[in-house]
Amino acid sequence: MSSVEKLASLGITPKRRKQKEEGLCGSHSQYEVRFRDLLIYVVERKMGSSRRMFLMDLARKKGFRVADIMSDSVTHIVTENNSWNEIWDWIQTQKMSDADKLNLLDISWFTDSMGAGKPVDIKEHHRLQMQKIQPLQSDVSSTSSVTHVSQYACQRKSTLDNKNKIFTDTLELLAENCEFDENAGSFVAYSRATSVLKSLPYPITGMNDLEGLPCIGDQTRVIIEELLEEGVCSKVESLLCDEKYKARKLFTSVFGVGVKTADKWYGLGFRTLEEIKARKDITFTKMQKAGFLYYEDILQAVKKSEAEAVIQIIGDIVGQCAPDAKVTLTGGFRRGKEVGHDVDLLITCLEEGNEEGVLHKAISKLDRHGLLLFCDVVEATMEKRQLPSRKYDAMDHFQKCFLILKLDKRLVNKRDYGLASGSAVRLTDKRTEDENKTMIKGWKAIRVDLVIVPSQQFAYALLGWSGSRQFERDLRRYCSQEKRMLLDNHGLYDKNTQEFLKAETEEEIFAHLGLEYIEPQERNA
Ligand code: DCT
Ligand code: MG
């Protein structure tokens, strides 16, 4: 039996093999490791292989762990003369499971650390910087030298006036498909690129316009180039004809159906909703049953006037349950959208504690008034204050309910239904078929989310529920990567001082983060 086999029989992995697994092969095993928490990877690009070897050997001599190859164990990426954009593009090709957690560092961090003989704290100037882009022609006179587009959506203003819709629609569809596939890397890459393009005050008309923009990786460039040259994206064209994509899109359009269920139904051979509804052997959740029952209504976008009617109803009902209760519109409508897929409302009471019990009382009242078509209450899940989640996409812990409201069409602004006040119901060609059906039945099923928020957490909940999704994700990423802070819908925790930061308004939260305030209408990232 060899010595390796002997060790293996005792359950001990030989040192060399362990190192190889982490990409730690090479001649460095002779040096003592002093800093186990970090694993450095030195990027050869623009540095050259001999300088890279020299630096790697130097770090190993000083007790640092240095990887020869990229792997999920790497924590610090060191580069020379590369911008954040270039390195991020390269990382996208490395199939990392969680690229966001990587520290992308300039050689200055490395040299500072070698000088100090230990890893120094990462300062802002150690992090890789964005490439700067040239200002727009029209801005030349007003801008001193260059315009800087941040990699974070919370440092950009994105209104609904999207100048790059042709590109963002395409990229959003590709992102959606990556999300279906649970391909997190590509989903993030397409979503971030989409968001950067939405913030631009000009349309992209050539590949040069992308110069210096953050988050535009190789896969995105290929798509944009094709759109500029051909006017269509072949990837999207084939996706739109793809059986699986079509089924996933159709099935997940039913309220209560997620990708897992959609894939199960697809696997069983179903391709239409009629086939699924006709089957007696499928058990549906209550939510899915409601989803099928009110499918046509829910599929139709909710109009602003309908959202306003919903606020009125909920406001009246909630006011009867607690006199100091306040209903606040969030989500897409707060960002100025004219239509949405639901109405997102926060309910809070001026006096903390008064909000307890309001949700159940309000639901009973809605039910008694015959306004409740479906309701799923989720009780609060946070007992005592806990640290904000590290996940950028985590759900919050508030008591909430997902409901379907029966909205009487007479409560909605008449103009939206083409009716003069008091006029009889007339079907016209101007309305869609579904709108005409709503006219006949006299009501429309509307998806509403109600969230119960204690007043102390209101500002954080408002910020978190106002979206957009990408804005929220980048806000949290910015907090953790740039500020050593953790943000969620309940609060903000400063890891530097180990304290929670109070805020009564969204403006105060932006101030805590050292960010310029961004109006909700400018958060359509
Ligand atoms: N949200 C989030 N992360 C998620 C989902 C939602 O941060 N994964 C936040 C951002 C928006 C808000 O909650 C409400 O969610 P939606 O209603 O899904 O988004 P919306 O912007 O209101 O979109 P729509 O106009 O279609 O309702
Ligand atoms: Mg919404």
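A short reminder: the numbers here are calculations on the coordinates, not readings from a lab. Owing to the predicted nature of the structure, the values given are computational and were not obtained by experimental measurement. Positions of Cβ are backbone-derived with ideal geometry, glycine not excepted, and every protein chain shown enters the neighbour counts.
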Practice prompt. Could you work out the relative contact order of the range 313-418, using alpha carbon pairs under 8 angstrom and six or more residues apart, expressed as a whole percent?
Written response: 21
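For Asn81 and Ser234, what is the calculated FRET efficiency with R₀ set at 25 Å and r taken between the beta-carbons, to the nearest 0.05?
0.10
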Worksheet, complete the sentence: Taking Cα atoms only, helix 218-230 is inclined relative to the longest principal axis of the chain by an angle, in degrees rounded to 10, of 60
Fill in: Exposed-site-free run, longest, the chain (rule: GluC sites (Glu not before Pro); DSSP loop; at most 16 other C-beta within 10 Å)
45-181
Discussion item. Can you work out the Karplus-derived ³J(HN,Hα) for every residue in the range 435-451? Use 6.51 cos²θ - 1.76 cosθ + 1.60 with θ = phi - 60°, whole Hz, and x for glycine or proline.
Written reply: 5, 5, 5, 4, 4, 5, 7, x, 8, 9, 7, 10, 7, 10, 10, 10, 10
Item to complete: For the range 471-480, take each phi angle, set θ = phi - 60°, evaluate the Karplus expression 6.51 cos²θ - 1.76 cosθ + 1.60, and give the result in whole Hz per residue in order, putting x for glycine and proline.
Response: 4, 5, 4, 6, 4, 5, 5, 4, 4, 6
Discussion item. I want to check the label-to-label distance for Arg51 and Ala394. Put each point 7 Å from Cα in the C-beta direction and report it in nm to one decimal.
Written reply: 4.1
Response to the item:
Nearest-0.05 FRET efficiency for Thr381 and Ser73 at R0 = 30 Å, using Cβ-Cβ distance, is 0.35
Worksheet item: To the nearest 20 debye, what is the magnitude of the charge dipole of the chain about its Cα centre, counting +1 on the Cβ of each Lys and Arg and -1 on the Cβ of each Asp and Glu?
Response: 1060
Discussion item. Starting from the 7 Å offset along Cα-to-Cβ, what nm value, one decimal, do you get for the label separation of Asp281 and Lys495?
Written reply: 5.1
Worksheet, complete the sentence: Rounded to the nearest 5, the percent of DSSP beta bridges in the chain running antiparallel is 65
Worksheet item: For the range 155-163, in order, what is each residue's ³J(HN,Hα) by Karplus, 6.51 cos²θ - 1.76 cosθ + 1.60 with θ = phi - 60°, in whole Hz (x at glycine and Pro)?
Response: 10, 10, 10, 10, 8, 6, 7, 7, 7
Worksheet item: Leu293 to His341: FRET efficiency via 1/(1 + (r/R0)^6), r the Cβ-Cβ distance, R0 22 Å, to the nearest 0.05?
Response: 0.80
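Stretched out fully, how many nm does the piece from Arg469 to Asp408 gain, at 0.36 nm a residue minus the Cα gap?
Taking Arg469 through Asp408 to full extension adds about 18.9 nm, to one decimal.
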Discussion item. Relative contact order for the range 242-293: what percent, with Cα pairs under 8 Å and sequence separation of 6 or more?
Written reply: 42
Practice prompt. Along Cα→Cβ, 7 Å out, is where each label goes; now give me the distance between the ones at Lys365 and Lys502 in nm to one decimal.
Written response: 3.0
Worksheet entry | the range 465-522: relative contact order in percent, alpha carbon pairs under 8 Å with at least 6 residues between | 19
